[in-house]
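In what follows, a structure is listed as structure tokens, so that the remarks can point back to it.
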Amino acid sequence: MDREIDRARVDAAKDILRGPTSKVYKSTRSGFTTSAVIAAQELGMNILVISPTNRILNDTIQAACEGRSVSIPANISCLKIQEDLQSDKFLAQIPLPLPSCKDCEMYQNCPVTHILRIIHPVKVIAPEKRRDKCLITENSSNDGEVISVTYQKLVALMLSKAKTARKILRILSSMNVILLDEAHTIALPAVVAVKAFTEIEIPKGFPALSKVNSKWQDFNRIKELDIKELAEEGNRGHVGRHLSKIVCFNDPLSFKQLVAAWNELLNLAKRRKELGIEDSQILALRDIISLLSGHFLALTYRKEKEDSGEKVYFAGNYWIAHRVLSEFLTNYGSHATHLYVSGTLVEPHPNYYSELSGKIVSDVIFPDIRNTNKMMMINSDKWRLDSHNFTEKLEEIVERIVEMYLEHRDAGIYIMAPNAQKAKIIRDKLKQKLGPNVPYVDYYRSDGTIGVSRKERICIAIGLAELPSNTYDHLALGNSSDERWINSQKLRLESMQAATMQAWSRVKDPEGKDESLVYCIGVRADQIRDVVSWGPGRKLELVEIRNWMLPQGIAGRTPVFRVTVKDLIEPPMVSAELKTSARRDRHNAGEYVERVQNYDDNLINFRICGQIPYI
């Protein structure tokens with residue numbers, strides 16, 4: 001092999017691959033995924049890597065095995081589907097089950113079926129027996145095979161009726177190791193919500209969708225009193241309260257019904273104009289199918305910004321992905337070793353990954369062999385950015401970015417905004433100051449903030465990743481409204497901390513040679529300490545509940561959590577706020593940068609060891 005291999009990292013990965021199903025804790029950018037792919041090849045193991053984005057598959061997995069991995073592209077790459085999308089781009093917003101490949105004239109050139117032309121499973125053996133070599137490829141060698149796929153594509157394969165999907169899944173059932181990359185994204189994914197009493201008319205000829213709609217309407221009628229009571233409660237005051245109620249759905253869609261509904265939805269979407277169905281109804285039906293695939297939903301109160309009304313939604317977010325992934329792991333991949341990997345591994349509740357795999361899941365730490373965290377310095381600020389003060393602080397934020405950019409333009413700067421909307425606002429402001437050639441402004445949770453590298457070694461981070469306060473109400477556990485509210489806020493904060501740490505880590509040098517710097521704007525030292533603390537036994541413990549009042553006279557409250565970690569992975573260096581200046585405006589951003597680069601160990605620097613220290 002021509003690639004340069006870090007033997008220590010590959011050997012450490014081999015130990016994990018030989019072991020049991022595990023949660024793999026590691027520092028970000030420590031090279032585990034790359035090392036695991038190489039290790040599997042050397043051990044002659046067939047490895048399936050499942051990732052949240054195609055960028056990870058293209059940039060990381062292909063590079064690890066010198067382009068010799070087999071990537072299973074999204075169904076959107078199907079040449080037949082491409083023809084449909086050219087005339088109707090709306091179809092990209094719904095799940096796209098594979099059409100029948102039988103007698104398709106484009107089969108031999110289609111990227112989706114490429115895997116079937118080069119990889120063939122050998123005779124299937126008993127599922128309880130571990131398979132050591134169950135693939136035959138056109139490029140047979142002693143190396144194990146590497147196959148990669150996104151979580152979304154795996155869901156599409158599992159929900160497809162096409163024989164092509166079954167054949168691909170048969171190949172995937174021959175894998176020795178299933179590596180679930182950036183596993184925190186499947187533990188706390190995006191929310192799906194549909195307004196209560198949403199009405200959809202299903203035309204004749206769509207029996208599976210008619211069944212879904214009937215279940216939906218019946219469920220709304222059964223919960224009508226709960227919906228009205230929650231709306232009334234919300235009207236009496238909604239800020240700082242857990243206005244959400246877990247409700248049981250006793251008749252969830254079976255897996256067979258789920259598959260039938262997705263396939264009919266695509267046909268309905270294609271014919272929506274001739275049948276007089278609005279795009280919004282197709283999307284609502286898409287989300288209703290997701291909601292009705294699980295045993296539990298949440299009734300959630302939301303205050304609408306665009307009008308004066310209050311709405312109650314049915315919310316959920318992971319039932320389809322969760323069920324499909326569990327179905328795949330327990331049926332197709334039960335014999336394989338499952339590795340849940342992330343530098344920011346979280347679980348919505350204890351034993352989440354064990355339930356997903358249907359087997360015991362151990363804890364293991366992949367060492368930061370190149371000491372990448374030691375070469376990363378994160379510099380705090382003296383004030384805290386939140387959703388209420390962004391506008392008033394915008395000019396200060398932009399001025400500090402401009403000064404830092406002018407100071408370090410030759411080195412290259414990566415700018416991180418709280419969300420996509422604020423990234424655009426900052427980008428437009430920078431164009432006014434610097435002209436059209438402004439530095440790139442990314443935002444937390446974009447495809448570029450997870451699992452991929454950047455050439456820049458300096459990041460300017462504006463605030464933390466943002467999420468609406470009720471994002472995880474539907475997952476919250478507890479015996480009372482207050483307990484569920486606290487649990488919801490804990491899940492939300494954990495998700496924000498994971499997204500923030502992932503984004504900051506893009507500027508880390510995975511080889512541990514070059515220093516990387518993160519300059520935070522509107523992030524205090526105590527926030528940073530929590531963001532960078534990860535490892536087995538990580539917990540968010542409630543410290544206090546703070547009451548506050550907005551200028552408009554709206555009262556609210558915020559839970560304050562402390563992060564503790566049983567087996568702490570040594571985090572990056574963190575600078576505390578300087579105590580020598582009473583006013584930030586006495587020092588420009590250039591002075592700020594110089595000051596934190598030339599820090600005094602005795603004054604402002606500390607490491608986190610064991611319990612999280614507080615200043």
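Tabulated data
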item: Other-chain or far-sequence residues with amide H under 5 Å of Val191's (modelled H); result: none
item: Inter-probe distance in nm under a simple model that places probes 7 Å from Cα toward Cβ, at Arg546 and Ala420; result: 3.1
item: Cβ-derived FRET efficiency at R0 35 Å, Asp218 paired with Ser100, nearest 0.05; result: 0.55
item: Spin-label model distance (nm) - Ile118 vs Asp88, 7 Å beyond Cα toward Cβ; result: 3.3
item: Point-to-point label distance, Tyr107-Asn267, nm (Cα→Cβ direction, 7 Å offset); result: 2.2
item: For Asp363, residues with placed amide H under 5 Å, excluding near neighbours; result: Lys23
item: Lysine-lysine proximity count for the stretch 201-295, Cα under 28 Å, sequence distance 8 or more or distinct chains; result: 22
item: Potential extension, Ser362-Ala8 segment - 0.36 nm per residue separation minus Cα distance; result: 125.2 nm
item: Dipole moment magnitude, nearest 20 debye, the stretch 192-315 about Cα centre, only Lys, Arg, Asp, Glu C-beta charged; result: 300
item: Net lengthening on full extension, Asp226/Lys311 (0.36 nm per residue, minus Cα-Cα); result: 29.3 nm
item: Ranked Asp84, Asp410, criterion: other C-beta atoms within 10 Å, fewest first; result: Asp410, Asp84
item: Alpha carbon centroid spacing (whole Å) that separates the stretch 482-508 from the stretch 59-95; result: 30
item: ³J(HN,Hα), Karplus 6.51/-1.76/1.60, whole Hz, each residue of the stretch 504-517, x for Gly, Pro; result: 4, 6, 4, 8, 5, 8, x, 8, x, 9, 9, 6, 10, 10
item: Under Karplus coefficients 6.51, -1.76 and 1.60, residue-wise ³J(HN,Hα) of the stretch 193-198 in Hz, glycine/proline x; result: 9, 10, 4, 4, 6, 4
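Every number in this text was worked out from the coordinates using simple rules, so none of it is lab data. Please read these numbers as outputs of a predicted model, since none were measured by experiment. When we count neighbours, we look across all protein chains shown, and the Cβ atoms used for this are built from the backbone with ideal geometry, even at glycine.
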